[in-house]
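Student: Can you keep this structure in mind? I'll have questions shortly.
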Amino acid sequence: MSDPSLDRGIIPWFARNPVAANLLMVLVIALGAIALGSLQKEAFPSMEPDSLSISVSYNSGSAQQSEEGLAIKIEDALEDVTGIDSITSSSTSSGTTVTVEKTSDYDLDTLLRDVKAKVDAINNFPSEADKPVISKDEREEHALWIQLYGDASRRTLQHLADSLKSDLLANNNVSRVSISGWLDPMMAIEIDEGHLQAYGLTLSDVEDAVNSGSSSAMTAVLRDKDLYLQLKASEQAYLKEDFANIPLITTASGDRILLGDVAQIRDTFDDTTSTLSRFDGQDSIALQIITTGTDDISDSVNGARDVVQQWRDEGKLPESVKLATWYDRSTSINERLQLLIDNALFGIALVFGLLALFLNLRVAFWVAMGLPFVFFGTLYFMGDSFLGLTLNEFTTFGFIMALGIVVDDAVVVGESVYSVRQAEGDTLRNTIKGTLRVAVPTLFGVFTTVVAFFALSQIQGGLGKLYAQFAAVVSLCLVLSIIESKLILPAHLAHLKTRGEPSKALPARIWGGIQGAASGGLTLFTERFYRPLIRLALTFRYTTVVLFMAVLILVMAMPFDGTIRMSFFPDISGDTARAQITLYNDASYGLTHQALTELEDSAYQADRELRHNEGDSALEHVQVTSSGDQSGKVTVKLIADAPYDLKQFTREWTTLAGNPEGVRTLSIQSHRNSVDALRVELRANDDSLLTRAGALFRTKLADIPAVSGIEDNMQPGQPQLRLSLTPQGRALGMTTDDLAQQVMQGFQGQVVQRYQRNNDEIEVKVRFPAADRQSITNVLQSNVRAPDGTVLALSSVAKVSLGYTRDTITRIDGKRAVYLTADVNKDALSSTELVALLKRDVVPEIKSQYPGVDVYFAGEAEQQQETQSSMTEVFLVAMLVIYMLLAIPLKSYVQPLLIMTAIPFGIVGALLGHWINDLSLGILSLNGIIALSGVVVNDSLLLVSRYNDLRREGMDRKEAIVESATSRMRAVLLTSATTFAGLMPLLGETSRQAQFLIPAAVSLAYGILFATFITLILIPVLLRIQTDLQERIAGWFGNRQPTDEAPA
């Protein structure tokens, strides 16, 4: 009797309408290809900001005054604002910056509005404080470095850099350019005490003369119905010569003494902050291309390169100046895309080969062709009209992980159609029958996988936002694979030949022989080995379960006994090696530059040592920059075919660098830092207690060999020469303000005016010559003027004392805070293990010696705690939903539990994969395991569904188990083999890009591989044990037939 289901429904309709199926396939691929051109590319996913910044400028003179006058008042005002997770403030002598972090589920715009209302309502800020500036943090990403370098003056380099920046910003694809190594131009007017006294002048007199002789143009207008005329009444000095000609004194005889006669005038650069900028051993100015918001990193880099090439072609550079581009971050996403393409092509080839070998060339071809449909369809739905995703490290990761998964249901459908047509004839109805036979279990199998990946997107915190993109891509691929395997594939297999006469052509006969041998070998394996093995396992079913449980317990113990190391955030290799230094507060900028030069030299020495002085240097570029008087960085990039890797170079560089003079902290690393490997925060109300506790904690950290590059905010105070008026000074009519103003005028300089010259804003500063303001002696021997003009020695009117002042005060959530950060050598000790060690050995000692000090672990520890807690929750919810999705098609409460036993054994496979490949178990591994949970149940679902079909047909329980296992063995092996084959190219990758993906790929690939044995051996055994229990329960209740042995 004809089955009416073969004639009704969407699957039979598409199978009978191949034109519709082909048009759907072509349409989706075309839409994806069009969308690909408009998809934004970025190296790392753009994240919505989660914090606000409140900045208040206040020339208070001390960090404590800024704390008391600004920080504490802002904290108090924000106490009852909803949505705040933490408040951190940093106060200095020039003001306060407060960072407000929101809770993960709160809207930042709402928080911004509430915070602004509270801060604007504060009415007791110091009167000298500027108005608070409140802004949302903006994510910026490095795209490209452009270096101008060579044997040229600073003025030449800065002029070229300014012109290049203008041309870069004129390019539509470049939105932000930052210049490193830049010094603001300055017109310095320097006059010594001798000339001041000789002409009866003060620095204030010189300032007045400059303002009188040079001022911005001021105009008036004469206008009526017949006239429009501008009147200009002033003139701005622009060049050194203009300022030199400004009249300073006019004598009684009418003679004029010009400013240039008594002062040294220099057209120079601001020297309040030192700058060292070198590139490949030469002076340099660096321009950094930065992407923000919706910028496409590839477009930004290409736009910048076009401008650079235009400069070269037009000969805009002097002969002594070179122009280089380096550290191109767009290569990261481009290499990831290339990795995706390579793996896709290789994966398709492996899938095609396996299916062609064990099934049929036509089946293999159309199953493999499903991948372009799935991937291009996903690209289309990633566009701004739908999900608004970009091509980045995580979305491409999703594509790569999906390679081996999305063909599973197509393989099952193809195998089912092939088997039914082979057994019952090559007809269209048998194609539909073969598709419908597995439609429900494959559909729900895909749903369970989608649930597992969707669970990843629900992980709280920043990591959850990142994995949401990865999960969205895989979920889209899986949903599209349903459409391809149920609607398009059957139409392509409608004319599949399984019984035709073999071709007489030699290649076809050879391939037919190979295919026959493979098929025969699989049949022989099934009948001679697998079927007897299943019968044996069923006979000794309880022993089999005990053996599997023993393996489960032994392997699950491996991470806890140290056999498999755990590192929640594994080191991911970066693109460059970086050495960062900070010096003590009393170190001079000369010492900083010396330390940076020594680090530069040791980098070249490390290269020579690793090359054994053979061949050319493997250092492509070396950049040296100082970011302040006491800090700086050296960045090294290796050539592509370097004879050593970044990790080896970093280790050798660290050894040779030692500890340069004056350096307080030195950190040399090559891995990426999204969060601090270790960050410890100590909080208390007692500042002295806090400092002592921080010093002890730092000492304990320094004793741990795996810890390096320790930094903190406990630096000794900034050295300070304090001046206070003596009674004699006050008696002479001087005030503290008079004293401060005269000292600042001479030794720091007074900015008299600012004016625009071309693209530069020039500061005009009047002060003493450099030789008279270099040492404490210069200060002690300086003079000041009394209100009546009398010249007095500073020492006669002011008391001078040497002391220290806190340059920065940090507060976290209302308390003074000390923080320590450090690098961790994860080959020796993971961050997880380090935090456990500190909590066990150090924290109790700190709390016992310094009661009132609270210890918090931030950085990786904080992220781990948040992520692990969230992971546990989403994993349990995913398990519940997967159970429900299994129970619905099986119409059983017990059988889903049997199927889900594949999950812990899949985890066993993942752990063994990490052990075999010597990988640490971390966050990426755990995400692979969560994803694995939805994949490994699919084959078991197929097997149990087949068992239920056979039971409904009246077959004996034991024979139904054996038959369902043997009949599904080929499909199970093929889906597992194709999934593993899709991931295998990635497992063998040695490129830096692949290292980010391998832990998750190992979890998935080895988990599926091990779960195959579970599906083929343990699931049948558990089904037999289920029937044992059903029979026993039925016996207890008067031989009533068990109700769960064959679901309706």
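Student: I'd like the full set of residues that are over 14 Å from THR821 (Cβ atoms) and without any contact (Cβ under 8 Å) to a residue 12 or more places away in the chain, limited to the stretch 681-707.
Tutor: SER688, THR699, ASP703
Student: Got at least one residue in the stretch 868-891 being out of contact with any helix residue (DSSP H, G or I) (no Cβ under 7 Å at 6 or more places or on another chain), among the hydroxyl-bearing types (Ser, Thr, Tyr) and over 22 Å from MET556 (Cα atoms)?
Tutor: Looking through the stretch 868-891, none of the residues is out of contact with any helix residue (DSSP H, G or I) (no Cβ under 7 Å at 6 or more places or on another chain), among the hydroxyl-bearing types (Ser, Thr, Tyr) and over 22 Å from MET556 (Cα atoms).
Student: Among (1) closer than 22 Å to ARG692 by Cβ; (2) outside any strand (DSSP E or B), there is one condition LEU911 misses while meeting the rest; what is its number?
Tutor: Condition not satisfied by LEU911: (1).
Student: Turning to a different aspect of this structure: If you scan the stretch 102-136, which residues turn out to be farther than 27 Å from SER62 by Cα, not in a loop (DSSP other than H, G, I, E, B) and not charged (D, E, K, R)?
Tutor: Of everything in the stretch 102-136, those that are farther than 27 Å from SER62 by Cα, not in a loop (DSSP other than H, G, I, E, B) and not charged (D, E, K, R) turn out to be LEU108, THR110, LEU111, LEU112, ALA117.
Student: Can you confirm whether SER127 is surrounded by fewer than 17 Cβ atoms within 10 Å (Cβ to Cβ), of a type in the set (S, T, N, Q) and modelled with pLDDT of 90 or more? Steps first, please.
Tutor: Numbers: surrounded by fewer than 17 Cβ atoms within 10 Å (Cβ to Cβ): yes; of a type in the set (S, T, N, Q): yes; modelled with pLDDT of 90 or more: no.
No, not satisfied.
Student: Can you name the residue in the stretch 73-83 that is in contact (Cβ under 8 Å) with a residue 12 or more places away in the chain and in a helix (DSSP H, G or I) and, of all such residues, is nearest to ASP737 (Cα to Cα)?
Tutor: Quick first cut of the stretch 73-83, residues in contact (Cβ under 8 Å) with a residue 12 or more places away in the chain only: 73-75, 77-78, 81-83.
Among the residues that remain, those that are also in a helix (DSSP H, G or I) are: 73-75, 77.
Details: LYS73: 27, ILE74: 29, GLU75: 31, ALA77: 33 Å.
Going through the qualifying residues, I end up with LYS73.
Condition check ((1) at pLDDT below 90; (2) more than 30 Å from SER300 (Cα to Cα); (3) part of a strand (DSSP E or B)) across all residues:
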site: MET187; (1), (2), (3): no, yes, yes
site: LEU196; (1), (2), (3): yes, yes, no
site: ASP208; (1), (2), (3): yes, yes, no
site: ASN211; (1), (2), (3): yes, yes, no
site: VAL221; (1), (2), (3): yes, yes, yes
site: GLU235; (1), (2), (3): yes, yes, no
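Student: Would you confirm, using the coordinates I've provided, whether ASP80 is loosely packed, with under 15 Cβ neighbours inside 10 Å, modelled with pLDDT of 90 or more and not assigned by TED's automatic domain parsing to the domain that holds PHE399?
Tutor: On the way: loosely packed, with under 15 Cβ neighbours inside 10 Å: yes; modelled with pLDDT of 90 or more: no; not assigned by TED's automatic domain parsing to the domain that holds PHE399: yes.
Spelling it out, it is not the case that ASP80 is loosely packed, with under 15 Cβ neighbours inside 10 Å, modelled with pLDDT of 90 or more and not assigned by TED's automatic domain parsing to the domain that holds PHE399.
Student: Check the stretch 367-374 and report whether any residue there is in a helix (DSSP H, G or I) and among the small types (Gly, Ala, Ser). Please lay out each step first, then the result.
Tutor: Within the stretch 367-374, the first condition is being in a helix (DSSP H, G or I), and the residues that meet it are 367-368, 370-374.
Then keep just the ones that are among the small types (Gly, Ala, Ser); that gives 368, 370.
Within the stretch 367-374, one or more residues are in a helix (DSSP H, G or I) and among the small types (Gly, Ala, Ser).
Student: In the stretch 375-411, how many are more than 19 Å from LEU986 (Cβ to Cβ) and part of a loop (DSSP other than H, G, I, E, B)?
Tutor: 9
Student: Next up: With the condition kept exactly as written, say whether any residue in the stretch 684-692 is over 23 Å from ASP586 (Cα atoms) and surrounded by 20 or more Cβ atoms within 10 Å (Cβ to Cβ).
Tutor: So the first thing to find is which residues in the stretch 684-692 are over 23 Å from ASP586 (Cα atoms), and the list is 684-686, 689.
Checking which are surrounded by 20 or more Cβ atoms within 10 Å (Cβ to Cβ) leaves us with 684.
Checking the stretch 684-692: at least one residue is over 23 Å from ASP586 (Cα atoms) and surrounded by 20 or more Cβ atoms within 10 Å (Cβ to Cβ).
Student: Okay, next question. Restricting to the stretch 307-341, what's the tally of residues that are part of a helix (DSSP H, G or I) and loosely packed, with under 15 Cβ neighbours inside 10 Å?
Tutor: From the stretch 307-341, those part of a helix (DSSP H, G or I) are 307-314, 330-341; that's our starting set.
Imposing the further condition that a residue be loosely packed, with under 15 Cβ neighbours inside 10 Å reduces the set to 309-310, 312-314, 338, 341.
Adding up the residues that qualify gives 7.
Student: Where in the stretch 682-776 are the strands (runs of 3 or more DSSP E), entirely inside, with at least 3 residues that are farther than 30 Å from ASN825 by Cα and not assigned by TED's automatic domain parsing to the domain that holds SER830?
Tutor: On the way: elements: 707-712, 718-725, 750-757, 760-767.
Ranges flagged: 718-725, 750-757, 760-767.
Student: Return the residues of the stretch 945-984 that are hydrophobic (A, V, I, L, M, F, W, C), closer than 20 Å to GLN1030 by Cα and either surrounded by fewer than 24 Cβ atoms within 10 Å (Cβ to Cβ) or over 50 Å from the mean Cα position of the chain (by Cα) (or both); say none if nothing qualifies.
Tutor: Filtering the stretch 945-984 down to residues hydrophobic (A, V, I, L, M, F, W, C) leaves 950, 955, 960-962, 965, 969, 971-974, 977, 980-981, 983-984.
Add one more test, that the residue is closer than 20 Å to GLN1030 by Cα, and what stays is 950, 955, 960-962.
Correct list: LEU950, MET955, ALA960, VAL962.
Student: Does ALA971 fit the bill of being more than 30 Å from THR563 (Cβ to Cβ) and in a helix (DSSP H, G or I)? Steps first, please.
Tutor: Numbers: more than 30 Å from THR563 (Cβ to Cβ): yes; in a helix (DSSP H, G or I): yes.
Yes.
Student: Ok, one more. Being among the basic types (Lys, Arg) and assigned by TED's automatic domain parsing to the domain that holds THR156 narrows it down to one residue among ARG305, ARG223, ARG266, ARG256; which is it? First the steps, then the outcome.
Tutor: Working: ARG223 fails: assigned by TED's automatic domain parsing to the domain that holds THR156; ARG266 fails: assigned by TED's automatic domain parsing to the domain that holds THR156; ARG256 fails: assigned by TED's automatic domain parsing to the domain that holds THR156.
Exactly one residue qualifies, and that residue is ARG305.
Yes or no, residue by residue, for (1) over 30 Å from LEU1029 (Cβ atoms); (2) within 25 Å of the chain's Cα centre (by Cα); (3) of a type outside the set (Val, Ile, Thr); (4) buried (at least 21 other Cβ atoms within 10 Å of the Cβ):
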residue	(1), (2), (3), (4)
LEU885	no, no, yes, yes
ILE888	no, no, no, no
LEU898	no, no, yes, yes
ILE907	no, no, no, yes
LEU919	yes, yes, yes, no
ILE923	yes, yes, no, yes
VAL936	no, no, no, yes
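Student: Across the stretch 184-231, which residue is farthest from GLU763 (Cα to Cα) among those that are surrounded by 15 or more Cβ atoms within 10 Å (Cβ to Cβ) and of a type in the set (Ser, Thr, Tyr)?
Tutor: My answer is TYR199.
Student: Tell me the residue from LEU522, LEU536, LEU599 that is under 30 Å from LEU911 (Cβ atoms) and at pLDDT 90 or above, please.
Tutor: Numbers: LEU522 fails: at pLDDT 90 or above; LEU599 fails: under 30 Å from LEU911 (Cβ atoms).
Answer to the check: LEU536.
Student: Out of the stretch 789-827, which residues are within 27 Å of THR99 (Cα to Cα), outside any loop (DSSP other than H, G, I, E, B) and among the polar types (S, T, N, Q)?
Tutor: Matches in the stretch 789-827: THR805, THR810, THR821.
Student: So, one more: Answer with yes or no whether SER86 is assigned to a strand (DSSP E or B) and touching a residue at least 60 places away in the same chain (Cβ under 8 Å). Steps first, answer last, please.
Tutor: Numbers: assigned to a strand (DSSP E or B): yes; touching a residue at least 60 places away in the same chain (Cβ under 8 Å): yes.
So SER86 fits the description; yes.
Student: Being surrounded by 15 or more Cβ atoms within 10 Å (Cβ to Cβ) and among the charged types (D, E, K, R), is that true of even one residue in the stretch 839-847?
Tutor: Taking the stretch 839-847 first, the residues surrounded by 15 or more Cβ atoms within 10 Å (Cβ to Cβ) are 842-843, 846.
Still in the list and also among the charged types (D, E, K, R): none.
The answer is no; no qualifying residue exists.
Student: With the requirement that a residue be of a type in the set (A, V, I, L, M), over 21 Å from LEU924 (Cα atoms) and either modelled with pLDDT of 85 or more or part of a helix (DSSP H, G or I) (or both), what does the stretch 463-497 give you?
Tutor: Of the residues in the stretch 463-497, the ones of a type in the set (A, V, I, L, M) are 463, 466, 468, 471-474, 476, 478-480, 482-483, 487-489, 491, 493-494, 496.
Keeping just the survivors that are over 21 Å from LEU924 (Cα atoms) gives 479-480, 482-483, 487-489, 491, 493-494, 496.
Scanning the stretch 463-497 gives VAL479, LEU480, ILE482, ILE483, LEU487, ILE488, LEU489, ALA491, LEU493, ALA494.
Student: Sort through ALA557, ALA577 and tell me the only one that's free of Cβ contacts under 8 Å to residues at least 60 places away in the same chain and either loosely packed, with under 14 Cβ neighbours inside 10 Å or not assigned by TED's automatic domain parsing to the domain that holds ALA706 (or both). Steps first, answer last, please.
Tutor: Details: ALA577 fails: free of Cβ contacts under 8 Å to residues at least 60 places away in the same chain.
Going through ALA557, ALA577 in turn, the sole match is ALA557.
Student: When you scan the stretch 57-68, do you find a residue that is surrounded by fewer than 20 Cβ atoms within 10 Å (Cβ to Cβ), part of a loop (DSSP other than H, G, I, E, B) and either in the same structural domain as MET369 (by TED's automatic domain parsing) or touching a Leu at 6+ places or on another chain (Cβ under 9 Å) (or both), even just one? I'd like the intermediate steps shown before the answer.
Tutor: Step one: filter the stretch 57-68 for residues surrounded by fewer than 20 Cβ atoms within 10 Å (Cβ to Cβ), giving 57, 59, 61-62, 64-65, 68.
Right, trim to part of a loop (DSSP other than H, G, I, E, B) and you get 59, 61-62.
With either in the same structural domain as MET369 (by TED's automatic domain parsing) or touching a Leu at 6+ places or on another chain (Cβ under 9 Å) (or both) added as a condition, the list becomes none.
No, the conditions are met nowhere in the stretch 57-68.
The values are calculated or read from the model by the stated rules, or taken from the named source; none is laboratory data. Here the structure is a predicted model, which is why all the values come from computation and not from measurement. No Cβ is skipped: glycine too gets one built from the backbone with ideal geometry, and neighbour counts run over all protein chains shown.
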